[in-house]
Amino acid sequence: MKSSQVDVIVVGAGLAGLRAVHSVREAGFTVQALEAASGIGGVWHWNRYPGARCDVESYDYSYSFSEELEQEWRWTERYATQPEILRYIEHVADRFDLRRYVKLNTRVVKAQFDEDSSRWTVQTEHGEQYDAAYVIMATGQLSVTKLPEIEGFDDFAGQVLHTGQWPHDPVDFTGKRVGVIGTGSSGVQLIPIVAREAAHLTVFQRTPTFTVPANNRPIDDVEDADIKARYATRREAARMSANGLGFDPGKKSLLEATEAERIQRLEQQYQAAGFGFALAYPDILLDEKANEKVADFLREKIRLKVQDPRTAERLTPYGYPFGAKRPAVDSGYYEAFNRDNVSLVDISAEPLERITVDGLVAGGREHELDVIVFATGFDALTGSLLKPTIVGRAGQTLREKWAAGPVTYLGLGTTGFPNLFIIAGPGSPSVLANVLLGIEQHVDWIVQLLHTARARGVAEIEATPEAEHAWVEHVNERARRTLYLKAASWYLGADVPGKPRVFMPYTGGHRGYRRICDEVAANDYEGFDLITGSEVAQRRTDRQSHEVESATAR
Ligand code: NAP
């Protein structure tokens, strides 16, 4: 079959894929992005459920590569809604003429490295084939949706939805009996809105979530102008912060503060900071006693907001540290449970049994429903990387290599898979910091490496086994210093039956990670083998003579 040839294949056309297309093209490489969806935008294309919005502030959750773009785009709210973010992405694609490099409705099913040519062959589900020197996986951290393993999906007479695959046409809940399963960030955003529209809403909760209020508000012209006048400083603060959000938690331990100081600080953060609440003190995710104080503060808030004490208690999280599972950022979540048309089912006590024609059975009780919404999350971080079959050296697949969990060097590459790069995936700060900043840092770093490779006639770039091993040890060691390992979270793969329990993102923070990547580049890409075309040819000759010798000996 004839292949189209390009320098770089980018898999995915969300925020990461589009940034990669832009920068790779600017650097003078030919590029083709392949996107499974019918539109660009990645998670913002798929997650169209009512209430979907970002909980990183709009001005920080936006590209920093173009000052003109920064100045001309006008965000309307502190936390942008999904439609506004998608409009922004569409604007960027048009403004930088990126669409012509993106092929939509094109799912990559296989990528295979050819050791003779040092190139990748990438196949799509429609049978097209691409031949590329490099593959950049920009497939997102939260893109492969998951559903509970229960029977009866085909029996249900009503509508079944997943927040991560929401229909393009608006869903009308008016007069309907709706069940929402899942109370992570997506459920917490969706529930108050469905509660207002539906005749009845039943929330099926397995684990109560810690949430903090979004404190969202419109952005007026004065604030917009003020932020834009100081955008460069804001960006630099973000780059120099652990979370990529520009917040500095300070040095003082929560446990050193007096009770009055602590309450005042937590209250102030709770009333204003949104997601930044988690950064009120530097040891919240490091020290169990400090964490418990914060958890107690949030538990008290639930009691104050939810009128029925029994419902309040069932909504209250215990048994895992605040922040060890991704906290949700809410707008009226707890208040929704004060409505007469909302009820809560604790499916840890009354497990989901099956779907029937009329609804859901949990704990032996049938709940009659017209719509079931699964807000049950994703096969996070590795799901989208392991969905296609990626074949590296000696026929090894990425699935085989990562059977016991993802192993990478800097999160950027993995030994045995030369010229394959991963954006903001496992082994990098990824979802633990402002992911858009992480995406841009990765793309810039990779493009600089491709420049170097081109200048030196490098044919293969591959992480060494030693560097990869040391990085995996470092990632694990950093995770062990935190409280993250004390919760059954999607960071750990604990929510997917059979998935290896490995803490996937890097907890060392954006600033520290960026410094490490910069040092690696400054030290001639230490930990990566940069192998020239002639060295590859020599290795091939050596390999062939070795094979001949072995065959003769046999
Ligand atoms: P999630 O955080 O993984 O939450 C899934 C929910 O479904 C949890 O309550 C989970 O309970 C429940 N669940 C999963 N499998 C279940 C099963 N088999 N039976 C019953 N309940 C089950 O997923 P998400 O809410 O879609 O959020 C995923 C991530 O996307 C977030 O953590 C966040 O990083 C990102 N996100 C961000 C935003 C934003 O920026 N505002 C919005 C939405 C999502 P358990 O806890 O017991 O597993």
Return the only residue of 48, 53, 74 being surrounded by fewer than 19 Cβ atoms within 10 Å (Cβ to Cβ) and at pLDDT 95 or above. 74
Total residues in region 22-77, condition part of a loop (DSSP other than H, G, I, E, B) and closer than 30 Å to residue 276 by Cα: 26
Say whether the condition of being buried (at least 20 other Cβ atoms within 10 Å of the Cβ) and in contact with a Pro (Cβ under 7 Å, 6 or more places away or on another chain) is met by at least one residue in region 492-499. yes
Could you check region 205-232 and list, in sequence order, the residues that are part of a strand (DSSP E or B) and more than 24 Å from the chain's Cα centre (by Cα)? 218
Residue in region 85-95 that is part of a loop (DSSP other than H, G, I, E, B) and modelled with pLDDT of 95 or more present: no
Test residue 131 against the stated conditions and say whether it is more than 12 Å from the ligand (Cβ to nearest atom) and either farther than 30 Å from residue 451 by Cβ or part of a loop (DSSP other than H, G, I, E, B) (or both). no
Count of region 202-250 residues which are of a type in the set (Ser, Thr, Tyr) and away from the ligand (no atom under 16 Å from the Cβ): 3
The lone exception for residue 191 - which of (1) more than 9 Å from the ligand (Cβ to nearest atom); (2) of a type in the set (A, V, I, L, M, F, W, C); (3) not in a helix (DSSP H, G or I) it fails: (3)
Which of the residues that make up region 150-186 are modelled with pLDDT under 95 and within 23 Å of the chain's Cα centre (by Cα)? none
Flag for residue 520 being of a type in the set (A, V, I, L, M), touching a Gly at 6+ places or on another chain (Cβ under 7 Å) and either at pLDDT below 95 or more than 16 Å from the ligand (Cβ to nearest atom) (or both): yes
Cβ-Cβ under 7 Å, sequence separation 6+ or interchain: first residue in region 138-165 and within 17 Å of residue 495 (Cβ to Cβ) and polar (S, T, N, Q), partner within 11 Å of the ligand (Cβ to nearest atom) and in a loop (DSSP other than H, G, I, E, B). Which pairs? 141/380; 141/381; 163/47; 163/49; 163/375
I need a count of the residues in region 144-155 that are in contact with a Gly (Cβ under 7 Å, 6 or more places away or on another chain) and either away from the ligand (no atom under 13 Å from the Cβ) or part of a loop (DSSP other than H, G, I, E, B) (or both). 2
Counting only residues that are more than 19 Å from residue 423 (Cα to Cα) and not in a loop (DSSP other than H, G, I, E, B), region 453-464 contains a total of 5
If you go through region 352-375 one residue at a time, how many are surrounded by fewer than 22 Cβ atoms within 10 Å (Cβ to Cβ) and in a loop (DSSP other than H, G, I, E, B)? 6
Condition check: surrounded by fewer than 23 Cβ atoms within 10 Å (Cβ to Cβ), at pLDDT 95 or above and not in a helix (DSSP H, G or I). Does residue 467 satisfy that? no
Of the residues in region 242-293 that are surrounded by 19 or more Cβ atoms within 10 Å (Cβ to Cβ) and more than 25 Å from the chain's Cα centre (by Cα), the one that is nearest to residue 55 (Cα to Cα) is 266
Would you point out the residue of region 495-508, among those that are within 13 Å of the ligand (Cβ to nearest atom) and more than 13 Å from residue 404 (Cα to Cα), that is modelled with the highest pLDDT? 505
Is it the case that residue 449 is of a type outside the set (Val, Ile, Thr), touching a Lys or Arg at 6+ places or on another chain (Cβ under 8 Å) and either in a helix (DSSP H, G or I) or under 29 Å from residue 235 (Cβ atoms) (or both)? no
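The values are calculated or read from the model by the stated rules, or taken from the named source; none is laboratory data. Since this is a predicted model, take the numbers as computed values, not measurements. All Cβ positions, even for glycine, are placed from backbone atoms using ideal geometry, and neighbour counts span all protein chains on display.
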